[in-house]
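**Q** My questions all concern the structure below.
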Amino acid sequence: MSLVPHSRAEERLFYVLAAVGGLVVAIGLAAALHMEHSGHVVTGMNNQVVWGMPHVFAIFLIVAASGVLNVASIGSVFGKTVYKKRAPLSGLLTLAMLAGGLFVLMLDLGRADRVIIAATHYNFTSVFAWNVFLYSGMFGIVAVYLWTLMERRMNPWSKPLGLTAFLWRLILTTGTGSIFGFLVARQAYQSAILAPMFIIMSFAWGLAVFLIVQATMFRWNQMTLHPTVLKRMKNLLGLFVAATLYFVAVYHLTNLYFARQASFEKFLLVDSEFAPMFWIGQVLIGGIVPLVLLYLPSLSMRCGSLMTAALLIVIGAFFTLYVFIIGGQAYPLELFPGMIVSSSFYDGQVAQYAPKLPEILLGLGGVGVAFLMTTVGVRVLKFLPEDDLTHLDQAAIHQGD
Amino acid sequence: MRRAATLLALGVLSWLTLLVGPVGAADGVPKPTIRIANEGACIAPAEEMRRNHMDMLKHQRDRTLRQGIRGEKASLNECIECHASKSTGSVLGKDHFCASCHAYAAVKLDCWDCHQPKTGFKATGAKP
Amino acid sequence: MSHNDRRGFLAATAGLGLVAIAPGVHLMQVAQAQSQRAAGQPATKRQRWGMLIDTTKCAKGCDVCVSACATENGINETVADPRQASQWIRKIDIKDPQSDRQYSLPMMCQHCAEPPCVDVCPTGASMKRADGIVLVDRHICIGCRYCMMACPYKARSFVHQPLTQQNPEVPRGIGCVESCTLCVQRIDRGRLPACVEACPEKAMLFGDLEDPNSEIVRRAASAATTQVRADLKLNTGVRYQGI
């Protein structure tokens, strides 16, 4: 491992960025402390919509964290040189985003002070408890994987560890999807398709995040992405986005097929506040526009298009999760199918949720954690992907660099 | 630069010392005030209670809640009955039984987030 | 998915119940629950506490059971946003749009034999006692609210703010999830749940579903009873008549 020399301007930029990241994290922590001290009464979450904005942020970060590792997997597991060069950055982003997501998830707990109980008391039938295993395992595996990538003597181990990390991340995203997939009570969630859908989404979101970070790093280092690399990564991103759209379509179409789910679909896709979020946010911004940017010949080979597409995909991801998590809870539980019900506990009514500042700041704090870890990481160690420009198309040429 | 750091460190240290309170007296930190409102026999000698009350309560709580065993020797409500202050009826508050000792030992208690610290407290109902 | 044997308990106990209705055998069981369990004795599987609610007797607009629950369990906090308030038991008014038939019933934790809340709880705080009462062990509840996502009955509430006015017998507090306990503090002393005792119409019947001689089993044997969301096969301990 080698330390990277820095110019004065770079030095200053680093401290500014670190300070900004640190500030965002500090604000997130303060928000969490406020929630902890006053209770969730200071948030918009309630007894009808029990999971809110923190979960949107946390699940985005965790899903994207597992997806961003794909870049490394394509390099280590499938032996693609272009991706191998990017494996360390991909591993770092995985760790950073996973940490950010868990930061939010843990600090949102009603009893965040007792979070250690999640490690001392396991209920093995709980998908949540599996995820505690999966997340901590992911940390360990990716950390060791990074070591094998960056320490030359350990290089031979990078392939088996890359494979382990790849398999682990597939299970992890399956686990995240299953948090919802196993909820029989709610019409939005109980579906076996959620696990594969989350995996495909993680591919798209993770790669988008990777491309944003990579583009930023390249710009600061006055580097440009080689057209061959650009083309490969853009095609891959487009493929993932298209696949995500396909899964979303299948999910909703299968729901529409069952009469008892039809009214839920009508609610989500036509009648409610979630309908515009779905069509404009999730489908248009997060799916169709990026596809156009990535595949329209006049646009597709510009670096700017790729960056814009990636940003839109991330924005679309937040819409997707908001519609999925909040929309899924807003639709009333059907205790008495076909009946008109009312009660003091809002039975039969669409649940209301308006996020308040503390929960949004906590969510942003998680993004701050990921940002800070990435910033420090790329400064301290060598994570910048450096393509061997003359030999880009020849694989496995860099045995001893 | 190094001098400034040393000074800062010394400053922080002396401030912490002030926070902790008077040190250097023969007894160290002042002992907590332990007043027992209702004198009488506890379920075990004071020495044993001081050392083991947390284990007694913890095991009892699990048996009572999870297995439904009632009427155990150790019981948080029974503790409160004897040890609550005569003036406030509570085991909490600066000089009172649970709070004073736990402040001394610097052990945070979260019993009272859920349990009622007052003796003979009668909750009223209000329809939500 | 274990305990499938429990699923058939109504069928089985119905038969036993009919046998037991020999004249004069069943006396004086109606108002009193079972006797108090001896000190030091754990709850056992020989009992399963349940409730049978006759919705034909339950008056719309009456919420005596809700008030009784609030008093017994110290649910007395004022919450600025009513959506964040705890409701252990609530009255649901139901109308059939086809026939215009209207009725009303109390809804609370259904004390499932296969409770989804217990399945999903990461720490095991959500638990079912041996006698079928579903409880939250607040000592190890971390407040993740996964159980609230999983419950089909919206039976659970999350405490959104610090509490100080708890009933000493009913600890409850900030950051934990809570729900109907069937008044476990009363049952263990041989008393009826507060709602059952308070109901002016005697529409709520409490008893031991494992005891073929109990009033509740005999009633279930003679009248049609319904589980809410029976399609989920959770085998609820609270059942309804007249739905």
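The values are calculated or read from the model by the stated rules, or taken from the named source; none is laboratory data. Small disclaimer: the values here were computed from a predicted structure and weren't measured. Please note: Cβ atoms are built from the backbone with ideal geometry, for glycine as well, and neighbour counts cover all protein chains shown.
**Q** So which of A:R111, A:R86 is within 27 Å of A:T320 (Cβ to Cβ) and of a type in the set (D, E, K, R)?
**A** The conditions single out A:R86.
**Q** Given the options C:P116, C:P122, name the one that is in contact (Cβ under 8 Å) with a residue 60 or more places away in the chain, out of contact with any Lys or Arg (no Cβ under 6 Å at 6 or more places or on another chain) and at the interface with chain A (Cβ under 9 Å from one of its Cβ atoms).
**A** None of the others qualify; the one that does is C:P116.
**Q** Follow-up question, since we're still on this one. Go through A:R111, A:R86 for me and flag whichever is within 14 Å of chain C (Cβ to nearest Cβ) and of a type outside the set (G, A, S).
**A** Answer to the check: A:R111.
**Q** Just the residues that are buried (at least 22 other Cβ atoms within 10 Å of the Cβ) and in a helix (DSSP H, G or I), please, taken from region A:181-198.
**A** A:L194, A:M197, A:F198
**Q** While we're here: Quick one: which residue in C:D81, C:D100 is at the interface with another protein chain (Cβ under 7 Å from one of its Cβ atoms), surrounded by fewer than 22 Cβ atoms within 10 Å (Cβ to Cβ) and over 21 Å from C:A203 (Cβ atoms)?
**A** The match here is C:D81.
**Q** Further, regarding this structure: Which fully enclosed helices (runs of 4 or more DSSP H) of region C:131-243 have 2 or more residues being touching a residue at least 40 places away in the same chain (Cβ under 8 Å) and touching a Cys at 6+ places or on another chain (Cβ under 6 Å)?
**A** Of the helices (runs of 4 or more DSSP H) lying wholly inside region C:131-243, those with at least 2 residues that are touching a residue at least 40 places away in the same chain (Cβ under 8 Å) and touching a Cys at 6+ places or on another chain (Cβ under 6 Å) span C:194-198.
**Q** Still on this model: Looking only at region A:309-366, filter to residues that are away from chain C (no Cβ under 14 Å) and hydroxyl-bearing (S, T, Y); which one of those is farthest from A:F278 (Cα to Cα)?
**A** A:Y322
This table checks each residue for (1) away from every other protein chain (no Cβ under 13 Å); (2) in a loop (DSSP other than H, G, I, E, B); (3) surrounded by fewer than 19 Cβ atoms within 10 Å (Cβ to Cβ); (4) of a type in the set (G, A, S).
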| site | (1), (2), (3), (4) |
| --- | --- |
| B:R51 | yes, no, yes, no |
| B:L57 | no, no, yes, no |
| B:R70 | no, yes, no, no |
| B:K73 | no, yes, yes, no |
| B:C79 | no, no, no, no |
| B:H102 | yes, no, yes, no |
| B:T124 | no, yes, yes, no |
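**Q** Looking only at region C:145-171, filter to residues that are within 7 Å of chain A (Cβ to nearest Cβ) and of a type in the set (D, E, K, R); which one of those is nearest to A:G39 (Cα to Cα)?
**A** Top of the filtered list is C:R145.
**Q** Related question: So how many residues does region A:164-179 have that are surrounded by fewer than 22 Cβ atoms within 10 Å (Cβ to Cβ) and either among the β-branched types (V, I, T) or modelled with pLDDT of 90 or more (or both)?
**A** Counting residues in region A:164-179 that are surrounded by fewer than 22 Cβ atoms within 10 Å (Cβ to Cβ) and either among the β-branched types (V, I, T) or modelled with pLDDT of 90 or more (or both) gives 7.
**Q** Would you mind stating whether B:S14 is modelled with pLDDT of 65 or more and of a type in the set (S, T, N, Q)?
**A** Taking the combined requirement at face value, the residue does not satisfy it.
**Q** Any residue in region A:295-323 that is in a helix (DSSP H, G or I) sitting within a Cβ distance under 7 Å of a residue that is buried (at least 16 other Cβ atoms within 10 Å of the Cβ) and among the basic types (K, R)? List the pairs, counting only those 6 or more apart or interchain.
**A** Correct list of pairs: A:S300/A:K234; A:L306/A:K234.
**Q** Only residues that are under 20 Å from the mean Cα position of the chain (by Cα) and either surrounded by fewer than 21 Cβ atoms within 10 Å (Cβ to Cβ) or among the polar types (S, T, N, Q) (or both): list them for region A:136-163, please.
**A** A:S136, A:G137, A:F139, A:G140, A:A143
**Q** Is it the case that region A:338-358 has a residue that's part of a helix (DSSP H, G or I), of a type outside the set (D, E) and surrounded by fewer than 19 Cβ atoms within 10 Å (Cβ to Cβ)?
**A** yes
**Q** Taking C:I53 and the conditions (1) at pLDDT below 95; (2) away from chain B (no Cβ under 13 Å), which numbered condition does it fall short on, given that it satisfies the others?
**A** (1)
**Q** Then there is this: Does C:V217 satisfy the condition of being of a type in the set (V, I, T), facing chain A (nearest Cβ under 10 Å) and farther than 16 Å from C:S86 by Cα?
**A** So C:V217 fails the test.
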